[in-house]
Amino acid sequence: MSERKRVVAWDDPAIGAAAMPGMSGLEYLHSMMGKKLPPPPMGELLNMTLVDAALGTVTFTCHPDESHYNPIGSVHGGLLCTLLDSALGCAVQTTLPQGQGYTSIEIKVNYLRSVQADSGPLTCVGVVSKPGNRVAFADGTVTDAKGKLVATATGSLLVFAID
């Protein structure tokens, strides 16, 4: 066997969580992209980065590697599901005013192609299909480095007041 290693470092997630209630969702995401606030630790762990955010849509990139492999030698579908869940949620977040947050209610993922370590970078786009004051709906796609569609998702998200 040949051992491989990966080191993961992150900033205190409480910094961003404390700042979020005082900003609109879009302002919050732009602050993370502009490095004024730290990104969430799971992004560092999974090699995913928010690269664009506009009203109703976001784009993430993800660089899969062997540390994401499942027992059958391909990237675990959970990575794609997490990527899609993040994109759907952040797309909804772009529509929220100051003092509102969200959480996923449900997500349905369709896996269309297997993903390998050399399939990336992956691009994931989330788009709000119906904003809402209580429940919002969003769709997402993941494409590989060759532009091939590898997964899609639809989801619903609960919108609520935050302190």
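The values are calculated or read from the model by the stated rules, or taken from the named source; none is laboratory data. Since the model is a prediction, treat every value here as computed from it, not as a measurement. Cβ sites come from the backbone with ideal geometry, for glycine too, and all protein chains shown count toward neighbours. Heads up: the accessible areas ignore ligands, DNA and RNA and are worked out on the full protein's heavy atoms, side chains in. Shrake-Rupley method; radii C 1.70, N 1.55, O 1.52, S 1.80 Å.
Residues being within 16 Å of Val150 (Cα to Cα) and either hydroxyl-bearing (Ser, Thr, Tyr) or touching a Cys at 6+ places or on another chain (Cβ under 6 Å) (or both): count how many of those fall in segment 85-99.
Residues flagged as within 16 Å of Val150 (Cα to Cα) and either hydroxyl-bearing (Ser, Thr, Tyr) or touching a Cys at 6+ places or on another chain (Cβ under 6 Å) (or both) within segment 85-99 amount to 1.
With assigned to a helix (DSSP H, G or I), over 22 Å from Leu149 (Cα atoms) and open to solvent by less than 50 Å² (accessible area, probe 1.4 Å) as the only criterion, which of Met32, Met42 stands out?
Met32
Exactly one condition in (1) open to solvent by less than 70 Å² (accessible area, probe 1.4 Å); (2) of a type in the set (D, E, K, R); (3) farther than 30 Å from Pro71 by Cα is not met by Arg134; state its number.
All conditions are met except number (1).
Only one of these is without any contact (Cβ under 8 Å) to a residue 60 or more places away in the chain, open to solvent by 20 Å² or more (accessible area, probe 1.4 Å), closer than 26 Å to Ala9 by Cβ and not in a helix (DSSP H, G or I): Asp52, Asp118, Asp139. Name it.
Numbers: Asp118 fails: not in a helix (DSSP H, G or I); Asp139 fails: closer than 26 Å to Ala9 by Cβ.
After ruling out the rest, the residue left standing is Asp52.
Could you figure out which of (1) touching a helix residue (DSSP H, G or I) at 6+ places or on another chain (Cβ under 6 Å); (2) buried (at least 19 other Cβ atoms within 10 Å of the Cβ); (3) touching a residue at least 24 places away in the same chain (Cβ under 8 Å) isn't true of Pro13?
Unmet condition: (2).
If you go through segment 76-98 one residue at a time, how many are free of Cβ contacts under 8 Å to residues at least 60 places away in the same chain, assigned to a helix (DSSP H, G or I) and open to solvent by 40 Å² or more (accessible area, probe 1.4 Å)?
Matching residues across segment 76-98 total 1.
Which residue out of Gly101, Gly73 is out of contact with any His (no Cβ under 7 Å at 6 or more places or on another chain), on the phi > 0 side of the Ramachandran plot and not in a helix (DSSP H, G or I)?
On the way: Gly101 fails: on the phi > 0 side of the Ramachandran plot.
The match here is Gly73.
Do you know which residues across segment 142-163 are under 30 Å from Pro21 (Cβ atoms) and either of a type in the set (Gly, Ala, Ser) or open to solvent by 20 Å² or more (accessible area, probe 1.4 Å) (or both)? Reasoning before the result, please.
Quick first cut of segment 142-163, residues under 30 Å from Pro21 (Cβ atoms) only: 153-163.
Selection gives Ala153, Thr154, Gly155, Ser156, Leu158, Phe160, Ala161, Ile162, Asp163.
Report whether or not Thr103 is of a type in the set (Ser, Thr, Tyr) and over 15 Å from the mean Cα position of the chain (by Cα).
Values: of a type in the set (Ser, Thr, Tyr): yes; over 15 Å from the mean Cα position of the chain (by Cα): no.
Taking the combined requirement at face value, the residue does not satisfy it.
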